[in-house]
Amino acid sequence: MTTTEPAPPEHLPMHRLHFDEPGPPRPTQLPGGTPAWLVSRYPDVRQVLSDPRFGRAQLYAPDAPVLSDVPDLVNSPDLMFNQDGPDHLRLRRTLRRAFTPRAVARWRPWIAAIVEDLLDRLETSPQPADAIAGFALPLPVAVISRLMGLDEPARDRMRYWSEHAFSDGTHDSDQVARALKEFSTFGADLLAERRRAPGDDLISELAAAADQEGGVPETQLVRLVCGLVVGGHDSTMTMIANALLYLLGERPGTWPRLAADEEAAGRAADRIIHLVPLGDDRGSTRHAATDVEIGGVTIPAGAIVLADCGTANRDPDIFPPATFHDLFAPLEAPTLSFGAGPHYCLGAWLARTELQLALHRLAARFPTLRLAEPMDTVSWRTGTTSRSPQRLTVTW
């Protein structure tokens, strides 16, 4: 379970969040008071995320407790992440070739070109410069826009849609509903346009694959497009921003090695993804279809389970404390930051590639890059389930 020391979590850098020691499954409560089971040890969390008896769809059954009072994208029953079994597999098959390591390797040269272009612009900007507005945000926006063939107006609305799609419940529900309705209309129109005039982009491939697959409800396909648009840039922007704050604020000694060795930068990217969570929520929620034994404890049928990936990623039996903060040591086991099992994040390899290239080339081009303000004065982006600096002023 995530706790904080000593400040409230919204004032802490993500790499400073404190996690309790993992332990056996135990009863807990959801934020609204609904009873649940907390699972926190690495093998137990992997089992929950991989076992088909723990699903997502039943969390949105008519008689299920409400997980959120705000109609955000994350809790839409039509989202691929909230499908199970054949319905989930049918949707996932429409993207089976899109985000493989081989596909991302083909994209790497033009992703690298985007990185260099942004670094050229940053180099000529006045100092101190905002590394979020000048680099961490425009990089993943440019990448997902190229992949999906999005025009400038769509790029301009991305942040607005993301803020409401990933609302943490603090937005007005009517405002979120209006934003999601606009976003869904955009997704439906985009699919219709690519069916009429296919191009060399991910949406055209998705529409063709879904039509060939058959049986994919249009509402689910629209949600998939919307999820790709906002998820494809928000998570990566959050990772880059939090990584820069951590590295420049507390690990500046790693900067020369990041600059000199792209492979080492890849290992550092893996460690940072593992170490620094995207948000301070407690875990990934599942529903137990039957009685299931987890870590010697029987989880009863119908129970809601919180799989605490952040705590599991710190399980000392799997990730020795002696090497946990060694940014250049290979991970001892696969990180759970991207999940596991059938709902493993499709964009994991793309996000990892963007973070690796971003850190390596930024360190190579700006060897004296440093924060222009103390870490404790950084303002934080709030209102969404992910959290990172609103601005990060740097100089070189």
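General remarks:
- Extended-chain gain in nm, criterion 0.36 nm per residue less alpha-carbon gap, residue 395 and residue 18: 132.7 nm
- Rolling a 1.4 Å probe over the protein heavy atoms of the range 171-298, with every protein chain left in place, gives an accessible area that is 48 percent carbon and sulfur.
- Within the chain, helices built from complete DSSP H runs that reach 30 Å or longer along their own axis (Cα positions) and carry a mean Kyte-Doolittle hydropathy of -0.5 or higher are 101-123, 218-250.
- Projection of the Cα convex hull of the chain, averaged over all directions and equal to a quarter of that hull's surface, yields 18.9 nm².
- Put the Cα centre of the range 220-242 next to the Cα centre of the range 12-77 and the gap is 20 Å.
- Of all the options 172, 78, 63, the one that moves most in a Gaussian network model of the chain with Cα springs shorter than 10 angstrom is 63.
- Cα-based Kirkwood hydrodynamic radius, the range 118-159, one decimal, Å: 11.1 Å
- Calculated FRET value between residue 263 and residue 175, using beta carbons and R₀ = 56 Å, to 0.05: 0.80
- The listed residues 97, 102, 286, 41, once ranked by accessible area (1.4 Å probe) with the largest placed first, stand as 102, 97, 41, 286.
- Rg and Dmax [Cα atoms of the range 257-396; Å; Rg one decimal, Dmax integer]: 18.2, 58
- At 1.002 mPa s and 20 °C, Stokes D of the range 8-90 from Kirkwood alpha-carbon radius, µm² per second: 140 µm²/s
- Binned Cα-Cα distances of the range 331-396, short to long, each 5 Å bin given as a whole percent: 3, 12, 13, 18, 20, 17, 11, 4, 1
- Solvent-accessible area per residue for the range 72-188 (1.4 angstrom probe, square angstrom): 47 Å²
- Of the peptides 221-231, 324-334, 204-214, 359-369, the ranking by mean beta-carbon count within 10 Å, highest at the top, reads 221-231, 359-369, 204-214, 324-334.
- Residue 53-residue 332 FRET efficiency (beta carbon distance; Förster radius 45 Å; 0.05 resolution): 0.95
- Shape annotation for the range 147-276: C-alpha extents along the principal axes are 52, 37, 28 Å, from largest to smallest.
The values are calculated or read from the model by the stated rules, or taken from the named source; none is laboratory data. None of these values were measured; they are calculated from a predicted model. Cβ sites come from the backbone with ideal geometry, for glycine too, and all protein chains shown count toward neighbours. Ligands, DNA and RNA are excluded from the accessible area calculation, which covers all protein heavy atoms including side chains. Shrake-Rupley method; radii C 1.70, N 1.55, O 1.52, S 1.80 Å.
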